[in-house]
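Comments concern the structure below.
What follows draws every value from the coordinates through simple rules; no lab data is involved. As the structure is a computational prediction, the values presented were derived from the model and not from experiment. Cβ coordinates were reconstructed from backbone atoms using ideal geometry, including for glycine residues, and neighbour counts include every protein chain displayed.
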Amino acid sequence: MSIWRFADRLPAIPETFRLTLGEGDTPLLKSGKIGPSLGLEQLYFKIESNNPTGSYKDRFAACAVSHLLKNNSSLCLGTSSGNTGAALAAYCAIANLRCVLAIVDTAPEDKLQQMLAYGAQLVRIRGFGTDARITREIAQGLRALADELKTEVQISAFKYSAAGMAGVQSISWELAEQLPGGIDHVFSPSGGGGLTLAIARGFEYEDKHSPAIHCVQPAGNNTIAGPLRDGRDTARSCGECTSKISGLQVAGVIDGHDTLSACRLSGGTGYLVNDPTVFSLQKRLAREEAIFTEPAGAVALAGALQALEEGVLNKEDKIVCLVTGSGFKDNVALQRMTSEDKCPVVDSMAAFTNSVSPNS
């Protein structure tokens, strides 16, 4: 199975150019502990970490790189804070395309190693991602370079790569199949807004009532969620991002204006969550739901819990939180999560037995 089973809804790409690593058709898991403990009997998690390179960005890369092949491009030129780069590098590997990526300054080392493993050429740029001015200049420069090299810039945003983002809309089409009785709320983590906008646009294909799409952002990267809550008509640059949530450090607007409008039209709103809450929920997801995610994958749940506190959710609502990437993506965050846990070395079975006794 792959996203190409939705080929009639995706960009027109002949079968001979369609790349796949088996992306899509990810599981939807019903919460076993966190939801019931809050009285939410229909809280679900869409596990995008089950994609081939460990994030939902494989849906983007499958479409984007196939589109490059169709257009006879010999180079994939893109940007990434981690997950997009890993996905593009993997799909370029099977397409035999050169992959050159401008990397966000704060990208986790583990994600860089994954890109390098697939054969991508990487260049880190200071201030890229966290500083709005630098980020804007890099995006403009890459577009000019892409024109010169006769290719297209691959950034996971509708503003830059609508063909690739069409693949991300397949999340909504799968959700409509997995919960055919309808969904009331979808909570989506947002940096530049592309994922959240893709979810909203994806549900436009469905005949059923669209769920309320909620944009959840780290408080240190308040470009869309705050303006949406405040009733504003447009997103805004935050100048400098202060959040440490990798993948959501996007100080510029990018898809923000359209994302804000789409969320409001669906009946959704914005939620701002702090980094410590996200790190705590990352650990809870692992310990209580056996869902092993990077911090960005816990952001949607943080938004849902805030919505519950504010009285936005009813106990019987069907609620979906997007879990966007694997816990293996960010070893620093993983070490933070397990810093208080021990793994002693012992010399005998007797010592092992003693270490696991209830009184040890």
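In the neighborhood of Gly35, defined by Cβ-to-Cβ distances under 13 Å, what is the net charge if each Lys or Arg adds +1 and each Asp or Glu adds -1? Summing Lys/Arg as +1 and Asp/Glu as -1 gives 0. With bins 10 Å wide beginning at 0, the percent of Cα pairs of region 88-158 falling in each bin runs 18, 50, 30, 2.
If only the Cβ of Lys and Arg carry +1 and only the Cβ of Asp and Glu carry -1, the dipole of region 57-163 around its Cα centre is close to 180 debye. When only the Cβ of Lys, Arg, Asp and Glu is charged (+1, +1, -1, -1), the dipole of the chain relative to its Cα centre reaches about 460 debye. Among beta bridges from DSSP that stay inside the chain, the antiparallel ones total about 15%.
Treat the count of other C-beta atoms within 10 Å as a stand-in for reagent exposure and order Lys159, Lys111 from fewest to most. Display every interim value, and only then the final one.
Working: Lys159 20, Lys111 29.
So the ranking, lowest neighbour count to highest, is Lys159, Lys111.
Size check on the chain: the Cα extents along the three principal axes, sorted descending, read 68, 51, 42 Å. In region 1-92, one over the average inverse separation of all distinct C-alpha pairs is 14.7 Å, which is the Kirkwood hydrodynamic radius.
Using DSSP loop states and a limit of at most 12 other Cβ atoms within 10 Å to flag GluC sites (Glu not before Pro), what is the longest stretch of the chain containing no flagged site?
On the way: sites that count: Glu204, Glu310, Glu316, Glu340.
Here the longest segment lacking exposed loop sites spans 1-203.
Relative to its Kirkwood radius, the Cα radius of gyration of region 122-207 gives an Rg/Rh of 1.09.
What size of dipole, in debye to the nearest 20, comes out for region 9-81 about its Cα centre when the only charges are +1 on Lys and Arg C-beta atoms and -1 on Asp and Glu C-beta atoms? It would help to have the intermediate numbers written out before the result.
Numbers: 8 positive and 6 negative charges, 19 e Å.
Approximately 100 debye in magnitude.
Rounded to the nearest 500 deg cm²/dmol, what is the calculated helix-only ellipticity per residue at 222 nm for the chain, with -39500 (n - 2.57) per DSSP H run of length n ≥ 4?
-11500 deg cm²/dmol
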